[in-house]
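Just so it is clear, none of the values below were taken in a lab; they were calculated from the coordinates. Bear in mind that the values here come from a model prediction, so they are computed numbers and not experimental data.
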């Protein structure tokens, strides 16, 4: 584990606890009783991963998505209960707000260029622990932090556990692109790899989704009747001018925690 001790001491300033969402064991039980099976699974996976990987004096990457909300709640609880010193680096505007709202210490990648661990979610995980990420259009920052982390931990519910990518997640691989190159990129990917490409449109706004970086997202719905070398596919797409990043995370994950329907958590370590 790499710790920038001098940097850590300089950067860490304990924020006053104003209002954080904390769960006692009693509250956790009450919350679980009122959650759907999917939400229970997310919460259990998040809590298990945080309990096993979050310690004091660490730089921690905070992922994005619905499962991460439970992880940040648990981190805030541990920080208060155990008086931990943790610096949190966000992957998105959403995770930045989660860090601030839970009174955790917010830092940037510029301040903490190497992370001890990142905890993040996934849209789908295959049997080799390859991921599709980017349902929330945050895949570029998520991949940057994952690449610069000593340990990458993924938390997910049982519906994200697949034998192969595309088995359950049907929205395709998110690809962040420069808006100027959209049409050219669509044509190039179609000719190289087949499938269908769709510009992701906003749900609560007119026009396309715009990422935190000011770019567009194409969702590549790849043919599901083929066997893919995802490392090669990722490289092919990334080599197209105008492509910023893909939502394919290949050979990057150390462990995945799946919350199951029966209330247990399945941990899968990288091979």
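Structure data summary
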{"read-out": "Cα-based radius of gyration of the chain once divided by 2.2 N^0.38 Å, which approximates compact folds", "value": "1.01"}
{"read-out": "Choice from 134, 56, 207 showing the highest fluctuation, given a GNM over the chain with Cα pairs closer than 10 Å", "value": "207"}
{"read-out": "Listed residues 133, 42, 96, most fluctuating in the chain (Gaussian network, C-alpha, under 10 Å)", "value": "96"}
{"read-out": "The stretch 173-247 - convex hull of alpha carbons, volume per residue in Å³", "value": "89 Å³"}
{"read-out": "Percentage relative contact order, the stretch 173-247, counting C-alpha pairs under 8 Å, at least six apart", "value": "48 percent"}
{"read-out": "Choice from 36, 64, 108 with maximal GNM fluctuation in the chain (Cα, 10 Å cutoff)", "value": "36"}
{"read-out": "Taking the convex hull of Cα positions in the stretch 182-221, its mean projected area over all directions (nm²)", "value": "3.1 nm²"}
{"read-out": "Antiparallel bridges, percent of DSSP beta bridges restricted to the chain (to nearest 5)", "value": "50 percent"}
{"read-out": "Reciprocal mean inverse distance between Cα atoms of the stretch 145-271 - Kirkwood radius, Å", "value": "16.3 Å"}
{"read-out": "Radius of gyration and maximum dimension Dmax of the stretch 99-138, Cα, Å", "value": "13.7, 37"}
{"read-out": "The chain, helix-only ellipticity at 222 nm - DSSP H runs n ≥ 4, -39,500 (n - 2.57), divided by all residues, nearest 500", "value": "-10000 deg cm²/dmol"}
{"read-out": "The stretch 69-117 versus the stretch 186-264: alpha-carbon centroid distance in Å", "value": "26 Å"}
{"read-out": "Rg/Rg_globular for the stretch 63-160, with Rg_globular taken as 2.2 N^0.38 Å and Rg from C-alpha atoms", "value": "1.04"}
{"read-out": "Diffusion coefficient, µm² s⁻¹, Stokes-Einstein with Kirkwood Rh over alpha-carbon pairs of the stretch 38-115 at 4 °C and 1.567 mPa s", "value": "104 µm²/s"}
